[in-house]
């Protein structure tokens, strides 16, 4: 199961986020690999300038590597060039993380820390969704790892704090959680894309 189908019992906003994610998945954005098939790597030792071998998934040929830690995104360049390939790596030893990227309106000026709370995920589809279990490279569920249009983007992780990675990846149907999403404890960031 894809982690974006997580359902939180913490309020209508969280339910709207989960419903939006289900719509994205219903449109055919699924992965066929199981957690047993995923290759493990040590993201804490990743040198973004180094080349990886093909077992390292989307890191091969990536122009930018964004790292998820408990509960922040690291390694986001000041500017990403339109069409650059973005790879996601999870450096957490215990929690799954995701990189969900939404475009922001051109006239939007608020900082992303405020925007995620006002996000209506049903109003826009993410342009990129990459999900990684503990100490894993991300797997793309939406997009091809590139952002092609210049602008500001919101990067966010909706997974529940303390969520069991095995349940997130393997349970059929939504994973229910009383825990808040990682975004509520700081796992939001801005990605600026220029031509």
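The values are calculated or read from the model by the stated rules, or taken from the named source; none is laboratory data. Quick caveat, the model's predicted, so the values are computed rather than measured. Ideal geometry is used to build each Cβ from the backbone, glycine not excepted, and the neighbour counts take in all protein chains shown.
Assorted remarks:
- Looking across 107, 47, 78, one residue alone is under 23 Å from residue 187 (Cβ atoms) and either at pLDDT below 95 or not in a strand (DSSP E or B) (or both). It is 78.
- Among residues that are loosely packed, with under 15 Cβ neighbours inside 10 Å and in contact with a strand residue (DSSP E or B) (Cβ under 8 Å, 6 or more places away or on another chain), residue 83 is included.
- Segment 82-114: number of residues that are closer than 12 Å to residue 152 by Cα and in contact (Cβ under 8 Å) with a residue 24 or more places away in the chain: 9
- Checking the stated criteria, residue 183 turns out not to satisfy the condition of being touching a strand residue (DSSP E or B) at 6+ places or on another chain (Cβ under 8 Å), within 13 Å of residue 68 (Cβ to Cβ) and modelled with pLDDT of 95 or more.
- Only one of 176, 170, 190, 114 that is farther than 15 Å from residue 63 by Cβ, surrounded by fewer than 22 Cβ atoms within 10 Å (Cβ to Cβ), modelled with pLDDT under 95 and touching a helix residue (DSSP H, G or I) at 6+ places or on another chain (Cβ under 7 Å): 170
- Residue within segment 118-129 that is within 11 Å of residue 101 (Cβ to Cβ), outside any loop (DSSP other than H, G, I, E, B) and at pLDDT below 95 present: yes
- Per-region count, segment 117-134, residues over 17 Å from residue 187 (Cβ atoms) and either crowded, with 18+ Cβ neighbours inside 10 Å or in contact with a strand residue (DSSP E or B) (Cβ under 8 Å, 6 or more places away or on another chain) (or both): 3
- Criterion violated by residue 146 - all others in (1) touching a residue at least 60 places away in the same chain (Cβ under 8 Å); (2) buried (at least 21 other Cβ atoms within 10 Å of the Cβ); (3) within 17 Å of residue 62 (Cβ to Cβ) satisfied: (2)
- A count restricted to segment 150-164 and to residues that are over 13 Å from residue 112 (Cα atoms), over 14 Å from the mean Cα position of the chain (by Cα) and either free of Cβ contacts under 8 Å to residues at least 12 places away in the same chain or outside any loop (DSSP other than H, G, I, E, B) (or both) stands at 2.
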